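A quick write-up on the structure given underneath.
What follows is calculated from the coordinates using simple rules that are stated; it is not laboratory data. Everything quoted here is computed from the prediction, not taken from an experiment. FYI the Cβ positions are ideal-geometry reconstructions off the backbone, even for glycines, and counts take in every protein chain you see.
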Amino acid sequence: MLKKFIIQAVQEDSIFSEMDVTPGDCLLSINGMPVTDILDYRYLIADDCLEVEIEKPDGEIWELDIEKEYEEDLGVVFPEAMIGTKTCKNNCVFCFIDQLPQGMRESLYVKDDDERLSFLTGNYITMTNLTPDELNRIIRYRIMPMNLSIHTTNPELRIKMLKNRFAGDVMTYLDTFYENGIQMNGQIVLVPDYNDGPELEKTLNDLKRFYPVLQSVSVVPVGLSNHRQGLAELRLFTRDEARQTLALIDAVHAEMEAQHGDGFVYPSDEFYLLAQRPIPDSSYYYGFPQIENGVGMMADFKASLTDALADLKPPKALEQPKKIGLITGTAAADYLNDLATTITTAVPGLTLAVFPITNHFFGEAITVSGLLTGADIHAQLKPQLAQNPCDFLLLPKNALRSGTQTLLDDWTLESLSAALGVTIAGVPLDGQALLKNCTA
């Protein structure tokens, strides 16, 4: 028996609110199809004529005929708890959640592995807990793109890395998605001495045949915190290993570019920084298919900044001199310093100071801005600002919890601003947005 879909909230001024559908009502079916969760709902409302069956708390059944715009919502609001996230059944040797320190907010320790979140929010799934019914629903509803954590196409190695005896079926799932035209994006978390070198070469060669249904593959280096007690012994890539990895990826990228006019496989920005190689320009990334995964972010940032600077008509000095501090992780500090020089040259009266923050909370090997904490920012900026004061500070928004002003350790921009005695604003990872905030 199907679990009833109980409506917990209804958006004001929506179709349902106008038809007196209220929280506590059951949404039984849309166009004769039962509704069990958010995916059913999203798929079934994508029509301009709907027959909706509602059960009121007293058992009365309402049959509603609805005409609407094709993409117009009915007004069901989905609280996070209502989605009921499926959790991960793996014990991956590289899992970053296992490396979190104790005492953080509970939601950060949740390991999701949910095909619904892959579609709705871009999360990556391993497919190890995907049931036949769920797989059939993806195909029936054409739910795509699916974002897949592949890591390796070697069945035995994948079982070893994910520590799950069901992890070796990855090629079966890829074949099924490919044969049914379900668009995919893939991710490979690269771990030295596991899936790098010849294993990476084999994986990429195996994946080429799924193009273009498999639209893109990203390769990102494993992240290691200082909180790995009791976990597998792993290490970081050396500079030479990063260069060898880039050479291997570049060969496949060039081959796919020549054959299909598309790069297909893209290393993360961290590999270029580790290898001390220049970041490619934006043309390398063919529309940035994995920008949400942080791949090509620096090239995209530079391209958007270049466009924004070109639109300054004509360049004008600021009415009042201004000094702005740019907070970043250590990885991008030199790159951001170069861009800051470009900006200040184009905007007389503007001074930019780049403040790279060493990550003591997770460990110095964690160098990206997205994992900065308020405690580290406060401890390191307080003495620096005493010697190098700024009118205000800008922090990349990827350091903030989505839709909030809160960092990973629950410092807020408001509390951090008060503690430092200077206003801090979050800014998108976009060159145009940075320039706008600097010249406002």
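Note down the magnitude of the dipole of the chain about its Cα centre, charges +1 on Lys and Arg C-beta and -1 on Asp and Glu C-beta and zero elsewhere, to the nearest 20 debye. Don't jump to the answer; show the numbers that get you there.
On the way: 34 positive and 63 negative charges, 407 e Å.
That gives the chain a dipole magnitude of about 1960 debye.
Taking only the Cα atoms of region 303-439, the ratio Rg/Rh comes out at 0.96, with Rh defined as the Kirkwood radius. The loop-placed GluC sites (Glu not before Pro) in region 291-367, going by DSSP, that have at most 11 neighbouring Cβ atoms within 10 Å of their Cβ come out as Glu319, Glu364. Within the chain, the cysteines lacking any other cysteine Cβ closer than 4.7 Å to their own Cβ are Cys26, Cys49, Cys88, Cys390, Cys438.
Pairs exceeding a 19 Å alpha-carbon distance, out of Lys163/Lys202; Lys89/Lys397; Lys160/Lys208; Lys4/Lys111; Lys89/Lys208; Lys89/Lys111: Lys163/Lys202; Lys89/Lys397; Lys160/Lys208; Lys4/Lys111; Lys89/Lys208.
Couplings for region 58-69, taken from phi via the Karplus curve 6.51 cos²θ - 1.76 cosθ + 1.60 with θ = phi - 60°, read 8, x, 5, 9, 9, 10, 10, 9, 10, 10, 8, 5 Hz in order; Gly and Pro are left as x. Taking each DSSP H run with n ≥ 4 as -39500 (n - 2.57) and averaging over every residue of the chain yields -10000 deg cm²/dmol at 222 nm. For region 35-48, the Karplus equation 6.51 cos²θ - 1.76 cosθ + 1.60, evaluated at θ = phi - 60°, returns couplings of 10, 10, 7, 5, 5, 4, 4, 4, 6, 6, 7, 7, 7, 9 Hz by residue, with Gly and Pro reported as x.
Couplings for region 397-407, taken from phi via the Karplus curve 6.51 cos²θ - 1.76 cosθ + 1.60 with θ = phi - 60°, read 5, 5, 7, 9, 4, 3, x, 10, 10, 10, 8 Hz in order; Gly and Pro are left as x.
Available extension along the chain between Thr176 and Gln387 is 69.9 nm, counting 0.36 nm per residue and deducting the alpha carbon span.
Most tightly packed first, judged by the mean number of other beta-carbon atoms within 10 Å of their residues, the peptides 278-287, 213-222 read 213-222, 278-287.
Database remark: amide H of Val354 closer than 5 angstrom to the amide H of Leu326 (H placed geometrically; neighbours at sequence offset of 5 or more, or on other chains; Pro and chain starts carry no H). Amide H contacts of Ser216 (H built 1.01 Å from N, in plane; Pro and chain starts excluded): Gly186 sit under 5 Å, all sequence-distant by 5 or more or on other chains.
Which helices count as membrane-span-like in the chain under these terms: full DSSP H, at least 24 Å along the axis by C-alpha, Kyte-Doolittle mean of -1.0 or more? Walk me through the numbers before you get to the answer.
Working: long enough: 239-260 (31 Å, -0.61).
Membrane-span-like by this rule: 239-260.
Across the options Val213, Pro428, Ala375, the greatest Cα extent toward the positive end of the charge dipole of the chain (unit charges at beta carbon of Lys, Arg, Asp, Glu) belongs to Ala375.
For Ile424, the residues whose modelled amide H falls within less than 5 Å of its own, excluding neighbours fewer than 5 places apart on the same chain, are Leu393, Ser417.
Please compute the length gained on full extension between Asp334 and Asp20, using 0.36 nm multiplied by the number of residues separating them and subtracting their Cα-Cα distance. Spell out each step's value before the answer.
Working: separation 314, 0.36 × 314 = 113.04 nm, distance 5.78 nm.
Answer, rounded to one decimal: 107.3 nm.
Across the chain, C-alpha contacts under 8 Å between residues 6 or more apart give a mean separation that, scaled by the residue count, equals a relative contact order of 9 percent. Spacing of the modelled spin labels on Lys160 and Ala247, each 7 Å from Cα toward Cβ, amounts to 2.4 nm.
Of the GluC sites (Glu not before Pro) found in region 153-239, the ones in coil according to DSSP and having at most 12 other Cβ atoms within 10 Å of their Cβ are Glu233.
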